[in-house]
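Working notes, beginning with the structure itself.
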Amino acid sequence: MKVELFSPDPETEPRHWVRHDQAFAMMLGPGSIEWGSKRAALEKFGYRAGDLALCDRHNGEWVGLMNVPHLQLGISDAALTAATDEADGEIELHPHRKFADSRLGALVNAVHAEMLVGFPSGRLFLDSVEQAMAVALVNGQAVRSRPVKISRGGLGSSRLRRITDLVHARLENELGLDDLAQSVGLSTAHFARMFRKSTGETPHQFVLRNRLERAKAMLRAPNTRVLAVAVACGFKTQQHFAQVFRNVYGVSPTEYREHFLGRETPGASETPSDGE
């Protein structure tokens, strides 16, 4: 998924933009954009923060004044096709220059928050969000598609073991939704639905839980540095690791270690070790 942040553009000369991936945008503040299928027929749309716009790809659009900050995301054909349970051909979506969708808005806000801190959650997080966006777009905006099927039964035990083995073997590396789906021979959308039915977790939640379980085991060794634990468990920065650990367990990694070893945890006036 391609993520681009656009600031207000004082240039008013109309430009013709053509996108070959499916792009849509969420406005991050108030403002306006001039859109049109022809240069001589631009229409001005006023926006508030949270409003969405779905671009007309391939044919392109003329864009004039653009004085609203917005986040633009490109959704791949593979994600859209997977969201229709492998429908044949390219998925066509209705272009909309202004619409509202609470589910899509929440997903874009999650991507924006992740972008502001440097995408510390990695590719699997973005893959999972892209797939959820694709399903929402296909369900709400598709010109032609097959309904998304409800999976029954979930994944078998052998497939779950294969996924678990793959996750444990690659916890320190980037893992994408396609990596997990390919390991059991399923499309990304079908895999994501089956996996959640089987485990009660999304693939991202499952990988994160396993990373944190490994981190807790490593923290029980008194001489292992928190930075080394973060790297070994697939976190891009020590700060992100400490934040996620505290969000889940209510204590920092250092405090968890101190408690496990039976020593007094750092007081509020003390500076925690390892930069936490």
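Computed log10 I(q)/I(0) for region 196-240 at 0.17 Å⁻¹: -0.51, from the Debye equation with unit scatterers placed on every C-alpha and solvent omitted.
When the convex hull of the Cα atoms of region 151-192 is projected onto a plane and the area is averaged over all directions, what value comes out in nm²?
Numbers: hull surface 11.3 nm².
That works out to 2.8 nm².
Please calculate the 1.4 Å probe accessible area of residue 116, with all protein chains present, and give it to the nearest 10 Å². Its heavy atoms expose roughly 120 Å² to the probe. Partners of residue 44 within straight-line reach, counting lysines whose Cα lies under 28 Å from its Cα and excluding those fewer than 8 residues away in the same chain: 2, 98. Protection proxy ranking of 127-139, 200-212, by the mean of other Cβ atoms within 10 Å over each peptide's residues and highest first, is 127-139, 200-212.
Output needed for region 125-247: three equivalent-ellipsoid semi-axes, defined as square roots of 5 times the C-alpha gyration tensor eigenvalues, in descending order, whole Å. Write out the running numbers ahead of the final one.
Working: eigenvalues 198, 55, 24 Å².
In descending order the semi-axes read 31, 17, 11 Å.
Distance between the 7 Å Cα→Cβ label points at residue 139 and residue 243: 2.9 nm. Within the same chain, lysines fewer than 8 places from residue 216 are excluded, and of the rest, those with a Cα less than 25 Å from its Cα are 236. Listed by chain and number, the lysines whose alpha-carbon sits under 20 Å from that of residue 197, ignoring those within fewer than 8 places in the same chain, are 149.
The values are calculated or read from the model by the stated rules, or taken from the named source; none is laboratory data. Remember, it's a predicted structure, so these values are computed and weren't measured experimentally. Note that we place each Cβ from the backbone using ideal geometry, even for glycine, and neighbour counts take in every protein chain shown. Heads up: the accessible areas ignore ligands, DNA and RNA and are worked out on the full protein's heavy atoms, side chains in. Shrake-Rupley method; radii C 1.70, N 1.55, O 1.52, S 1.80 Å.
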